[in-house]
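What follows is calculated from the coordinates using simple rules that are stated; it is not laboratory data. Remember, predicted model here, so these are calculated numbers, not experimental data. Because the Cβ atoms are built from the backbone with ideal geometry, glycine has one as well, and the counts that use them run over all protein chains shown.
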Amino acid sequence: MKCTLLFLTTAAAFSLVGCKDANTAGDIIVGEYASLTGKEATFGTSSHEGTMLAVEEINAAGGVLGKKIKLITEDNQSKAGESATVVNKLISKDGAVAILGEVASSRSLEAAPICQSNSIPMISPSSTNPKVTETGNFIFRVCFIDPFQGTVMANFATKTLKAKKVAVFTDVKSDYSKGLAKFFKEGFVKAGGQIVSELDFNGGDKDFKGQLTTIKGASPDAVFVPGYYTDAALICIQAKEIGLNVPLFGGDGWESEKLTEIGKDAVEGTYFSTHYAPDVASDLSKKFVAAYKARYNGKLPDAMAALGYDSAMMLADGIKRAGSSDGAKVRDALAATKDLDAVTGKLTINEKRDAVKSAVILKVEGGKFKFVETVNP
Amino acid sequence: MEILQQLTNGLALGSIYALIALGYTMVYGVLRFINFAHSDVLMLGAYSAFFLAPVAERMFGPQSIAGALFIIVVAATICAVVGVLIEFLAYRPLRSRPKLTVLITAIGVSLFIEFTCQHKSVFGADTKSFPKLLASRDVAIGGLHFSSNDLIVLVLTAVLLAGMWFLVQRTKMGMAIRAVSFNEKAAALMGVNVNRVISYTFAIGSALAAIAGIFYSMRAPGIDPLMGIQPGLRAFIAAVVGGIGNLPGAALGGLLLGVIETVAGGIPGVSNYRDGIAFAILILVLLFRPAGLLGKSMVEKV
């Protein structure tokens with residue numbers, strides 16, 4: 001008797017689960033993978049909040065093709081290897097018709113081949129390494145790429161910082177850092193500058209004084225650190241401690257409130273390039289900032305949040321124009337995206353499936369990021 | 001000049017490795033196994049300080065010496081208790097089993113602590129900003145640049161090392177530790193309470209790890225639940241290079257490794273391989289001196 005009862009309860013439980021699945025069958029399922037925890041947690045969190053806001057706005061306005069978008073988010077803990085696992089799960093178990101993510105290029109490069117081989121479109125909000133979209137014709141991004149960002153920073157170093165000799169300090173564990181360092185060096189040498197010292201670190205290291213001492217010995221005018229914010233903050237602190245008092249500057253990997261939280265006064269006077277600044281804004285951008293603030297307790301959106309928002313908006317636009325959520329049709333529609341109004345500027349996808357966008361340069365001042373200039377492609 | 005600066009950097013880092021290596025070596029001395037959870041006790045020490053800092057600020061004012069000492073003492077006590085608990089719960093029941101069993105258990109304990117602490121409701125996996133415990137000044141003496149914190153760390157480490165030497169060589173408990181490490185059974189027959197000695201060793205080793213964790217976080221003020229792995233691994237190498245089971249050896253190994261790592265990090269083109277260089281040196285040392293730099297080779301009794 002007991003056995004039968006147990007069987008019945010289990011069966012009931014299963015049928016309940018079945019019901020739940022059936023309910024969501026009418027929705028368009030979109031998978032998102034992000035670094036919600038771990039070393040680059042603020043990237044994933046910002047990006048996810050932007051994406052969530054976009055999905056909520058789309059659904060509130062009636063969804064796409066008469067259906068609601070259901071966003072399923074997986075955390076990869078900022079770890080290598082996790083993205084492949086969670087994206088496989090999103091596609092095969094949850095049945096996602098499109099994938100949104102990641103910020104870090106190394107992790108986007110992990111998931112891209114999986115999406116490509118499953119013919120599922122993937123849109124990366126803010127991975128800037130060119131290799132990401134080179135993976136295949138199903139991979140897109142809504143941000144600029146590192147050859148552009150590297151050139152922007154090279155010009156910034158020569159023109160604004162008036163630097164003639166620059167040292168480059170690269171994170172060899174990260175595809176983003178290696179790519180950006182390469183394009184920066186090419187651009188800086190072309191602009192007539194000289195690279196006086198090139199040293200490496202491993203992302204997650206805590207001690208950089210050995211390398212920084214050598215960099216100081218080469219007496220550069222400025223140091224380019226194309227890394228992520230945790231490492232960048234520690235590098236700024238230790239550079240000050242050994243008396244390396246030249247400006248440090250980096251790329252969009254620096255943009256996080258953790259940079260100033262960890263680096264405190266050591267990051268004052270540093271510069272970095274990124275995708276978007278809330279101060280310089282179109283009407284759409286102002287609307288987005290207001291909506292974001294209202295949704296997340298007055299928090300000011302950063303570039304990762306804005307790009308997360310844009311990635312979801314571009315996907316919704318693509319599905320709408322494709323008239324179906326079929327992978328190949330959505331892909332074709334996404335590839336034809338032209339002059340789409342987005343928070344981070346007009347969005348046009350080029351033949352390499354990259355967005356052509358302008359960059360902004362920010363300065364750390366008084367614990368805040370201050371807008372310096374906009375650079376157009 | 002540059003090489004002197006590198007030596008200063010290396011010594012400051014190496015003295016922290018030395019503190020961690022002492023814990024590895026002491027536990028090895030009495031129990032003949034590597035306590036892999038040691039590096040996680042270091043992390044717990046850093047997190048204890050992280051949570052104690054606001055309390056200390058309320059009691060002693062911001063960035064005061066009394067506050068820093070209070071934090072160090074309380075964090076060390078917390079970790080000493082944690083260390084004793086780990087030994088009592090995980091290692092003691094396996095005391096009479098083969099050493100390999102205990103070793104694998106140690107790895108298990110380490111993973112358990114790391115992944116429990118990464119959970120959202122414990123510490124969470126994201127990097128936390130470590131508070132400033134002491135107002136630090138950048139000191140420059142004749143072209144040598146370092147932080148006043150480095151100097152404090154160096155001095156405190158020297159004091160702790162001297163204290164350890166005194167404890168092991170000059171006190172009754174130290175004699176008991178040496179007796180157990182020499183021959184556990186004979187020590188037990190002579191009336192030494194082996195369990196107490198082992199608990200004591202874990203308490204001291206873990207307290208040192210906690211202090212090392214705080215010093216380490218003062219140098220690089222971003223802490224996360226996996227922060228112990230890197231320094232732990234290097235301190236383990238330091239302990240082996242110095243001669244595992246040998247206290248001055250652990251200190252020497254730690255300083256040596258800190259200097260090698262810093263100097264290798266400063267060579268363009270090699271900076272990426274600094275861990276590889278440290279391990280290559282470990283292999284070289286062990287090829288020529290299998291018992292480590294200061295270790296005595298012992299004949300295995302059959």
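Under the rule of at least 5 residues apart or a separate chain, name every residue whose amide H is placed under 5 Å from the amide H of A:Ala98.
The list, which skips near neighbours in sequence, is A:Gly31.
For segment A:358-372, take each phi angle, set θ = phi - 60°, evaluate the Karplus expression 6.51 cos²θ - 1.76 cosθ + 1.60, and give the result in whole Hz per residue in order, putting x for glycine and proline.
8, 10, 10, 10, 10, 10, 8, 9, x, x, 10, 8, 10, 5, 10
Select from B:Asp275, B:Asp138, B:Asp224 the residue whose mean-square fluctuation is largest in a Gaussian network model of chain B (Cα-Cα springs shorter than 10 Å).
Among B:Asp275, B:Asp138, B:Asp224, the largest GNM mean-square fluctuation belongs to B:Asp138.
What whole-number distance in Å separates the alpha-carbon centres of segment B:45-82 and segment B:220-296?
28 Å
Could you derive backbone 3J(HN,Hα) for segment B:140-155 from the dihedral phi with the Karplus parameters 6.51, -1.76 and 1.60 (θ = phi - 60°), listing whole Hz in sequence and x where the residue is Gly or Pro?
Whole-Hz 3J(HN,Hα) from phi for segment B:140-155: 10, 10, x, x, 8, 10, 8, 8, 4, 5, 4, 5, 4, 4, 4, 5.
When the dipole is taken about the Cα centre of chain B, and only Lys, Arg (+1) and Asp, Glu (-1) are charged at their Cβ, what size is it in debye, to the nearest 20?
Here the size comes out at about 980 debye.
Need one number: nm distance between label points at B:Leu85 and B:Ile3, each 7 Å from Cα along Cα→Cβ, rounded to one decimal.
Simple spin-label model gives 4.9 nm for this pair.
Specify the residue with the greatest mean-square fluctuation among B:Gly245, B:Gly222, B:Gly83, computed from a Gaussian network of chain B linking alpha-carbon atoms under 10 Å apart.
Comparing B:Gly245, B:Gly222, B:Gly83 in a Gaussian network model of chain B, the most mobile one is B:Gly222.
To the nearest 0.05, what FRET efficiency results for B:Leu189 and B:Leu94 with a Förster distance of 25 Å applied to their C-beta separation?
E between B:Leu189 and B:Leu94, to the nearest 0.05, is 0.65.
With chain B treated as a Gaussian network of Cα nodes joined by springs under 10 Å, which of B:Arg32, B:Arg219, B:Arg137 yields the largest mean-square fluctuation?
B:Arg137
In Å and on Cα atoms, what radius of gyration and Dmax does segment A:248-331 show?
For segment A:248-331, the Cα radius of gyration and maximum Cα-Cα distance read 16.7, 52 Å.
Using a Förster distance of 30 angstrom, determine the FRET efficiency expected from the C-beta separation of A:Ala336 and A:Lys370, and round it to 0.05.
Efficiency computed from Cβ-Cβ geometry: 0.20.
Report the full-extension gain for the segment B:Ala158 to B:Val122: residue separation times 0.36 nm, less the Cα-Cα distance, to one decimal in nm.
9.6 nm
Name the long-range amide H neighbours of B:Gly222: under 5 Å, sequence gap of 5 or more, or other chain; modelled H, no Pro or chain starts.
B:Phe130
Farthest toward the dipole's positive end in chain A, which of A:Ala303, A:Tyr228, A:Ala104, given Cβ charges of +1 (Lys, Arg) and -1 (Asp, Glu) about the Cα centre?
Highest projection toward the positive end goes to A:Ala303.
Whose amide H sits under 5 Å from the amide H of A:Thr73, counting only residues 5 or more places off or on another chain, with H placed in the peptide plane?
So A:Thr73 has HN proximity to A:Glu32.
Order of A:Trp254, B:Trp165 from fewest to most other C-beta atoms within 10 Å?
Fewest-to-most ranking of A:Trp254, B:Trp165: B:Trp165, A:Trp254.
Under the 0.36 nm per residue contour assumption, what length would be gained going from the current alpha-carbon distance of B:Leu287 and B:Val55 to full extension?
Here the segment from B:Leu287 to B:Val55 would lengthen by 78.5 nm.
Among rounded, prolate and oblate, which fits the protein assembly as shown when a ≥ b ≥ c are the square roots of the eigenvalues of its C-alpha gyration tensor, a/c under 1.5 means rounded, and a/b larger than b/c means prolate?
oblate
Evaluate the distance, in nm, between pseudo-label points positioned 7 Å from the Cα of A:Thr348 and of A:Ala290 along their respective Cα→Cβ axes.
Computed distance between label sites A:Thr348 and A:Ala290 equals 3.0 nm.
Kindly put A:Met52, B:Met1, B:Met26 in sequence by how many other C-beta atoms sit within 10 Å of each C-beta, fewest to most.
Going from least to most buried by this count: B:Met1, A:Met52, B:Met26.
How would you order A:178-185, B:58-65, A:322-329 from highest to lowest mean count of nearby Cβ atoms within 10 Å?
A:178-185, A:322-329, B:58-65
Students often forget the sequence filter, so: which lysines lie under 26 Å Cα-Cα from A:Lys89 once same-chain residues fewer than 8 apart are removed?
Here the lysines satisfying the reach criterion relative to A:Lys89 are A:Lys20, A:Lys39, A:Lys67, A:Lys68, A:Lys70, A:Lys79, A:Lys131, A:Lys173, A:Lys320, A:Lys329, B:Lys120.
Can you run phi through the Karplus equation (6.51, -1.76, 1.60; θ = phi - 60°) for segment B:207-217 and list ³J(HN,Hα) in whole Hz, with x for Gly and Pro?
5, 5, 4, 4, 5, 4, x, 5, 4, 4, 6
Set the Förster distance to 35 Å, then compute FRET efficiency between A:Asn137 and A:Lys67 from the Cβ-Cβ distance, nearest 0.05.
0.85
Give, rounded to the nearest 20 debye, the magnitude of the charge dipole that the protein assembly as shown has about its Cα centre when Lys and Arg contribute +1 at Cβ and Asp and Glu contribute -1 at Cβ.
I would put it at about 1500 debye.
May I ask you to sort B:Leu144, A:Leu100, A:Leu109 by Cβ crowding, counting other Cβ atoms within 10 Å and putting the fewest first?
Lowest to highest Cβ neighbour count: B:Leu144, A:Leu109, A:Leu100.
Calculate the mean, over all residues of peptide B:224-235, of how many other protein chain Cβ atoms lie within 10 angstrom of the residue's Cβ.
Across the residues of B:224-235, the mean count of other-chain Cβ atoms within 10 Å is 2.
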